[in-house]
Amino acid sequence: MAKSLTDLADIMRDIDFTMLSTKTADGGIAARPMSNNGDVDYDGDSWFFALDTTHTVQEIEADANVGLTLHGNTGLLGKPPVFIAAEGKAQIVRDKAAFEKHWVKDLDRWFEQGVDTPGLVLIHVHADRIHYWDGEDQGEIRFA
C-alpha cells in the first residue's frame, strides 16, 4: 500500500540519524550523520543544527543540492527495514528565533551554550523528491 507524505514524515521522525550528503568543492560527494532530533515536517522539511565553520555548511553555501538517506532499525515480521532517500535544497538559517523553535534539550550535549552557541546555524532541507522502500512496498513522492 502506497505511503503518504504524512506516513513518511512519521517514519522519518522516528529515525534519529540521517546521512546528509553534499557536493564537495572538488565535485565529490561527502556524507555525514546528522540527528534530525525528531524534527521532520509533513511537508518534506527536515532540520539539523551545525556550526558555521563545518565543511557541511560551506558545501551547502556553495551548492544547495543535498541528499538525505535514512533506514529503520528493523522490519516487521522479518522483512527488511524501511529505507528512505530524499533529495532537495538546503538553506542555512542564522535566525535565533528559528533556533529556539527547533531546539530540543538533547542538543545541549553538542552545543553547550544552547541557542547562544557561537557560530550555530540551522540547516533547513526541503525535499523535492522522496523515494522509499519498505519490504515489498516502494514508492516515490515528488513536490511541485
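The values are calculated or read from the model by the stated rules, or taken from the named source; none is laboratory data. Because the structure is predicted, anything quoted here is derived from the model rather than measured. Note that we place each Cβ from the backbone using ideal geometry, even for glycine, and neighbour counts take in every protein chain shown. Heavy atoms of the whole protein, side chains included, go into the accessibility calculation; ligands, DNA and RNA do not. Shrake-Rupley method; radii C 1.70, N 1.55, O 1.52, S 1.80 Å.
Residues in segment 114-143 that are among the small types (Gly, Ala, Ser) and under 17 Å from the mean Cα position of the chain (by Cα): Ala127 only.
Just name the residue that is most open to solvent (accessible area, probe 1.4 Å) out of those in segment 112-139 that are part of a loop (DSSP other than H, G, I, E, B) and over 15 Å from Phe49 (Cα atoms).
In this case the residue turns out to be Glu136.
Ala98 satisfies every condition listed in (1) surrounded by 14 or more Cβ atoms within 10 Å (Cβ to Cβ); (2) within 21 Å of Met19 (Cα to Cα) except (2). Set side by side, the residues Asp52, Asp45 differ, and just one is acidic (Asp, Glu) and within 24 Å of Arg142 (Cα to Cα), which is Asp45. Among the conditions (1) assigned to a loop (DSSP other than H, G, I, E, B); (2) within 17 Å of Tyr132 (Cβ to Cβ), the only one that Ala25 does not satisfy is (2).
Within segment 17-40, being over 14 Å from Ile123 (Cα atoms), touching a helix residue (DSSP H, G or I) at 6+ places or on another chain (Cβ under 9 Å) and among the charged types (D, E, K, R) holds for one residue alone: Lys23.
Determine whether segment 99-115 contains at least one residue that is out of contact with any Asp or Glu (no Cβ under 8 Å at 6 or more places or on another chain), among the polar types (S, T, N, Q) and under 20 Å from Val40 (Cα atoms). Checking segment 99-115: not a single residue is out of contact with any Asp or Glu (no Cβ under 8 Å at 6 or more places or on another chain), among the polar types (S, T, N, Q) and under 20 Å from Val40 (Cα atoms).
Scanning segment 78-111 for residues that are touching a strand residue (DSSP E or B) at 6+ places or on another chain (Cβ under 7 Å) and part of a helix (DSSP H, G or I) gives Ala98, Phe99, His102, Leu107.
From the list Arg109, Arg13, Arg32, exactly one residue is surrounded by fewer than 16 Cβ atoms within 10 Å (Cβ to Cβ), within 30 Å of Asp137 (Cβ to Cβ) and of a type in the set (D, E, K, R). Which is it?
Details: Arg109 fails: within 30 Å of Asp137 (Cβ to Cβ); Arg13 fails: surrounded by fewer than 16 Cβ atoms within 10 Å (Cβ to Cβ).
Just a single option satisfies the conditions, and that option is Arg32.
When each of Gly27, Gly72 is tested for being open to solvent by 30 Å² or more (accessible area, probe 1.4 Å), modelled with pLDDT under 95 and small (Gly, Ala, Ser), the lone residue that passes is Gly27. Checking each residue of segment 54-68 against the condition of being free of Cβ contacts under 8 Å to residues at least 60 places away in the same chain, open to solvent by less than 30 Å² (accessible area, probe 1.4 Å) and farther than 26 Å from Ile11 by Cβ gives at least one match.
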